[in-house]
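Q: Quick one: this structure, given as structure tokens, is what I'll be asking you about.
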Amino acid sequence: MLQFVPVDDASKVDAMCEMASRIWHEHYTPLLGKEQVEYMVEKFQSPAAVTDQIQNKGYHYYLMELDGTYAGFMGIQYEPQSMFLSKLYVDKPFRRQHLASCALTYLKQDCANRGLSKIWLTVNRENSGSIAAYNKLGFYKDREEKTDIGHGYYMDDYILSLPV
């Protein structure tokens, strides 16, 4: 049974960040290179960064627990009319089990309960597998965005949206 466990203490932050590092290195190194992945993991998915996001930036993180094992995680931020889906990652052994679809169902219900009209996210333009998965889940391309994240690195993304 899939459960969404709030990341609300240091041990859960550490477990999530360990998983994030593993997923990012495996998935993004071929797209971005090792140096940029290491920089981005430290900047966005280290325990210090995640704790700051939760305490100071309005982020909410949830571990996806499947039969007692952490299988993935998601991070969201509420906006006045929408939800920003900052992170949605499924660990490699648990992929192709419809966990992302279940997570999206959970998030859509949360949006409905809060009166939010859409979920939006950013995805790297070269990440064709994730783009295809999001399209299958009903997301469409809103626009493109290039963001300077420091140290000479950029996030070159599509902004995808899903009406709720």
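The values are calculated or read from the model by the stated rules, or taken from the named source; none is laboratory data. Keep in mind the model is a prediction, meaning the values are calculated, not measured. When we count neighbours, we look across all protein chains shown, and the Cβ atoms used for this are built from the backbone with ideal geometry, even at glycine.
Q: Out of the range 133-159, which residues are of a type in the set (A, V, I, L, M, F, W, C), more than 19 Å from PRO80 (Cα to Cα) and not in a helix (DSSP H, G or I)? Before you say what the answer is, go through the steps one by one.
A: The first filter runs over the range 133-159 and keeps only residues of a type in the set (A, V, I, L, M, F, W, C), leaving 133, 137, 139, 149, 155, 159.
This time we only want the ones that are more than 19 Å from PRO80 (Cα to Cα), so: 133, 137, 139, 149, 155.
Of everything in the range 133-159, those that are of a type in the set (A, V, I, L, M, F, W, C), more than 19 Å from PRO80 (Cα to Cα) and not in a helix (DSSP H, G or I) turn out to be LEU137, PHE139, ILE149, MET155.
Q: Shifting gears a bit: Give the residues of the range 133-150 that are within 17 Å of LEU31 (Cβ to Cβ) and either in contact with a helix residue (DSSP H, G or I) (Cβ under 7 Å, 6 or more places away or on another chain) or aliphatic (A, V, I, L, M) (or both), sorted by residue number. Steps first, answer last, please.
A: First, pick out the residues of the range 133-150 that are within 17 Å of LEU31 (Cβ to Cβ): 133-134, 144-147, 149.
ALA133, ILE149 - these are the residues of the range 133-150 that are within 17 Å of LEU31 (Cβ to Cβ) and either in contact with a helix residue (DSSP H, G or I) (Cβ under 7 Å, 6 or more places away or on another chain) or aliphatic (A, V, I, L, M) (or both).
Q: If you don't mind, there's one more thing I want to ask. Against the condition within 26 Å of LEU66 (Cα to Cα), surrounded by 15 or more Cβ atoms within 10 Å (Cβ to Cβ) and without any contact (Cβ under 8 Å) to a residue 12 or more places away in the chain, how does PHE44 come out, does it pass? Spell out the reasoning first.
A: Numbers: within 26 Å of LEU66 (Cα to Cα): yes; surrounded by 15 or more Cβ atoms within 10 Å (Cβ to Cβ): yes; without any contact (Cβ under 8 Å) to a residue 12 or more places away in the chain: yes.
Against the criterion (within 26 Å of LEU66 (Cα to Cα), surrounded by 15 or more Cβ atoms within 10 Å (Cβ to Cβ) and without any contact (Cβ under 8 Å) to a residue 12 or more places away in the chain), PHE44 qualifies.
Q: Just to be sure I understand, how many residues within the range 9-39 are at pLDDT below 95, crowded, with 18+ Cβ neighbours inside 10 Å and not β-branched (Val, Ile, Thr)?
A: The qualifying residues number 4.
Q: Here's another thing I want to ask about it. If you take the residues of the range 148-160 that are touching a strand residue (DSSP E or B) at 6+ places or on another chain (Cβ under 6 Å) and either among the acidic types (Asp, Glu) or without any contact (Cβ under 8 Å) to a residue 24 or more places away in the chain (or both), which of them is surrounded by the fewest Cβ atoms within 10 Å (Cβ to Cβ)?
A: Looking at residues that are touching a strand residue (DSSP E or B) at 6+ places or on another chain (Cβ under 6 Å) and either among the acidic types (Asp, Glu) or without any contact (Cβ under 8 Å) to a residue 24 or more places away in the chain (or both), I get ASP148.
Q: A further question on this structure: Kindly list the number of the only condition in (1) within 24 Å of ALA133 (Cα to Cα); (2) modelled with pLDDT under 95 that fails for LEU116.
A: It fails just one condition, (2).
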